[in-house]
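*Asks:* My questions will all concern the structure given below.
Every number here is computed from the coordinates shown, using simple stated rules; none is lab data. Predicted model, so just to flag it, every value in this text is computed and none were measured. When we count neighbours, we look across all protein chains shown, and the Cβ atoms used for this are built from the backbone with ideal geometry, even at glycine.
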Amino acid sequence: MPDTVTTQAAATAADTTAGPLLRVEDLKVHFPVLKGVVVQKQVATVKAVDGVSFTLNRGETLGLVGESGCGKSTTGLAILRMLKPTSGRIVFEGEDIARHDKGRMRRVRQRLQMVYQDPYGSLDPRMKVGDIVGEPLVVHGVAGDKAAYRARIAELIRLVGLLPDMAERYPHEFSGGQRQRIGIARALALNPSLIICDEPVSALDVSIQAQVVNLFMELQERLGLAYLFIAHDLSVVRHISNRIAVMYLGRIVEIATRDQLYKEPLHPYTQALMAAVPIPDPVLEATRPQQIITGEVPSALRPPPGCRFHPRCPHATATCKTEDPPLRDRSGGRAVACHLHA
Ligand SMILES: Nc1ncnc2c1ncn2[C@@H]1O[C@H](COP(=O)(O)OP(=O)(O)O)[C@@H](O)[C@H]1O
Ligand SMILES: [Mg+2]
């Protein structure tokens, strides 16, 4: 029936604009550990990302925090398909891209970009800044004629708060903060809807960090961008995030709005991360309770049984040592994986 076909087509078209911009479902990224020189044998598996699910809305910033090694970068790289997911779904703009080949990813990459942590290592030192910023336009065949290409580069450079004549200079002539702005201009070149920002201010001086975070926020407002904003501590994501996901050993242990999370962190690990964030008031800072977290992050090679956080948790019970708590939905759209909040 033609009517049904039309309705279905309309529904499919609508699906790409309705619903979340990105939906990650039970994403797993496992790395084999190989041994042997001539014949390699898999001797173990690093479960870097081990069942991660979340959604990200249009124009939203989702902060992704957790200690070093918990799987944040691997999550980001898998979404960008710079790493192959072991399993799970990655639905971006209504399309599951988890198993896309290079050719199909090429089209998607126009809408899905990345800003890296290291503003020194991520820019080609032999290229002029203008060509670094404009390269995605050339690669995707949308550079246009020389005048259009130059104009677009000037526009992008201005957008990130630099001067257009800087296009003729080389990366080494710039400070860390300026280089990060160049990286952002490059990420913006193809008009993405989502930028994955992997610790984009961690390598910068604290005095510069706020400026770059503010730039991200201004650009979001002007361009309607969404960010997955990765950081290893909560102080950086507080300002910029609408919602925050807390990761521990390959899993999300808590996800909530920024205000819910700061007002009432539920997971003991979130509470511990929160205790590590300095309070700007020196009197409060001096009187607040000592940090409750102890011990090192266990290896992703051998995650502890039961709740992965139990060896470091001050509230662990017998159940926590044997039963793995699922990420359960709570009221107000938040979710937590903890037996204390069953
Ligand atoms: N290519 C790889 N091969 C093997 N193990 C890896 C690889 N990349 C990351 N890992 C391991 O996966 C875990 C998560 O790493 P990563 O995602 O970089 O964490 P984060 O970004 O949170 O610091 C770590 O244990 C790391 O050693
Ligand atoms: Mg990382």
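*Asks:* Roughly how many nanometres apart are two label points built 7 Å out from the Cα toward the Cβ at residue 146 and residue 222?
*Replies:* For the pair residue 146/residue 222, the computed spacing is 2.8 nm.
*Asks:* Once you wrap a convex hull around the alpha carbon atoms of the range 60-119, what is its projected area averaged over all directions, in nm²?
*Replies:* Across all orientations, the range 60-119 yields a mean hull projection of 5.1 nm².
*Asks:* Quick check for me: using +1 on Lys/Arg Cβ and -1 on Asp/Glu Cβ, what's the dipole size of the chain about its Cα centre, in debye to the nearest 20? Each step should come with its number before you reach the end.
*Replies:* On the way: 41 positive and 35 negative charges, 166 e Å.
Value, rounded to 20: 800 debye.
*Asks:* What does DSSP give for the chain in terms of the percent of beta bridges that are antiparallel, rounded to the nearest 5?
*Replies:* 60
*Asks:* Here's another thing I want to ask about it. Summing +1 for each Lys or Arg and -1 for each Asp or Glu, what net charge is found among the other residues whose Cβ lies under 15 Å from the Cβ of residue 211?
*Replies:* Taking every other residue near residue 211 into account, the sum is 0.
*Asks:* Which value, in debye to the nearest 20, gives the size of the charge dipole of the range 125-284 about its Cα centre, when Lys and Arg are +1 and Asp and Glu are -1 at the Cβ?
*Replies:* Taking the Cα centre of the range 125-284 as origin, the dipole is about 340 debye.
*Asks:* Sort 129, 108 so that the residue with the fewest other Cβ atoms within 10 Å of its own Cβ comes first and the one with the most comes last.
*Replies:* Numbers: 129 25, 108 16.
In increasing order of surrounding Cβ atoms, one gets 108, 129.
*Asks:* If we sort 119-127, 80-88 on the protection proxy, mean other Cβ atoms within 10 Å, highest first, what's the order?
*Replies:* On the way: 119-127: 14.4, 80-88: 17.1.
Most protected by this proxy first, the peptides run 80-88, 119-127.
*Asks:* Just want the answer: with Cβ charges of +1 for Lys and Arg and -1 for Asp and Glu, which residue in 208, 177, 225 is farthest toward the dipole's positive end in the range 142-238?
*Replies:* 225
*Asks:* Now a separate question. Give me the distance in nm between label points sitting 7 Å out from Cα along the Cα-to-Cβ direction at residue 158 and residue 321, one decimal.
*Replies:* It works out to 6.6 nm between the two label points.
*Asks:* Beyond 32 Å between alpha-carbons counts as too far, so tell me which of 72/146; 41/72; 84/146; 84/263 fall in that bin. The partial results should precede the final answer.
*Replies:* Details: 72/146 39 Å; 41/72 27 Å; 84/146 37 Å; 84/263 37 Å.
Cα-Cα > 32 Å for 72/146; 84/146; 84/263; rest within.
*Asks:* Ok, one more. Report, to the nearest 10°, how far helix 206-223 tilts away from the longest principal axis of the Cα atoms in the chain, using its own Cα long axis and a range of 0 to 90°.
*Replies:* 70
*Asks:* Based solely on C-alpha atoms, express the radius of gyration and the Dmax of the chain in angstrom.
*Replies:* Cα only, the chain: 21.8, 72 Å (Rg, Dmax).
*Asks:* Now, a different point. Quick one, what does Rg over Rh come out to for the range 218-275 if you take C-alpha atoms and the Kirkwood Rh?
*Replies:* 0.99
*Asks:* Can you tell me the length gained on complete extension of the stretch residue 42 to residue 135, counting 0.36 nm per residue apart and subtracting the Cα distance?
*Replies:* Taking residue 42 through residue 135 to full extension adds about 29.6 nm, to one decimal.
*Asks:* In a solvent-free Debye calculation with one equal scatterer on each Cα, what is log10 I(q)/I(0) for the range 46-168 at q = 0.11, 0.20 Å⁻¹, listed in the order of the q values?
*Replies:* Values, matching the q order: -0.51, -1.25.
*Asks:* Further question on the same structure: What length, rounded to one decimal in nm, is gained on full extension from residue 126 through to residue 84, with 0.36 nm per residue of separation minus their alpha-carbon distance?
*Replies:* Working: separation 42, 0.36 × 42 = 15.12 nm, distance 3.00 nm.
Taking residue 126 through residue 84 to full extension adds about 12.1 nm, to one decimal.
*Asks:* Another question about this same structure. With r defined as the distance between the Cβ atoms of residue 99 and residue 207 and R0 fixed at 45 Å, what FRET efficiency is calculated, to the nearest 0.05?
*Replies:* Calculated value: 0.55.
*Asks:* Moving on to the next point. For the chain, what does -39500 (n - 2.57) per DSSP helix run (n ≥ 4), summed and divided by total residues, give at 222 nm, in deg cm²/dmol to the nearest 500?
*Replies:* -10000 deg cm²/dmol
*Asks:* Show me the ranking of peptides 35-41, 209-215 by mean Cβ neighbours inside 10 Å, starting with the highest. Write down the numbers at each step before the final one.
*Replies:* Details: 35-41: 7.7, 209-215: 17.4.
Sorting 35-41, 209-215 by mean packing, highest first, produces 209-215, 35-41.
*Asks:* Now a separate question. Using r as the Cβ-Cβ distance of residue 264 and residue 190, and R0 as 45 Å, what FRET efficiency do you calculate, to the nearest 0.05?
*Replies:* Rounded to the nearest 0.05, the efficiency is 0.70.
*Asks:* Net charge around residue 226, counting only other residues with Cβ within less than 10 Å of its Cβ (Lys, Arg = +1; Asp, Glu = -1)? Before the final figure, lay out the partial values.
*Replies:* On the way: positive: 58; negative: 60.
Combined, the nearby Lys, Arg, Asp and Glu give 0.
*Asks:* Dimensions of the range 85-238 along principal axes (Cα, Å, largest first)?
*Replies:* Projected onto the principal axes, the Cα atoms of the range 85-238 cover 44, 44, 29 Å.
*Asks:* Something else about it: Most exposed first by the Cβ proxy, i.e. fewest other Cβ within 10 Å, how do 227, 170 rank?
*Replies:* So the residues, fewest neighbours to most, are 170, 227.
*Asks:* Just rank 331, 202, 193, fewest to most, by other beta-carbon atoms within 10 angstrom.
*Replies:* Values: 331 5, 202 14, 193 18.
In order of increasing Cβ crowding within 10 Å: 331, 202, 193.
*Asks:* Then there's this: Could I have the simple spin-label model distance between residue 299 and residue 276, label points 7 Å from Cα toward Cβ, reported in nm to one decimal?
*Replies:* Between residue 299 and residue 276, the label points sit 2.1 nm apart.
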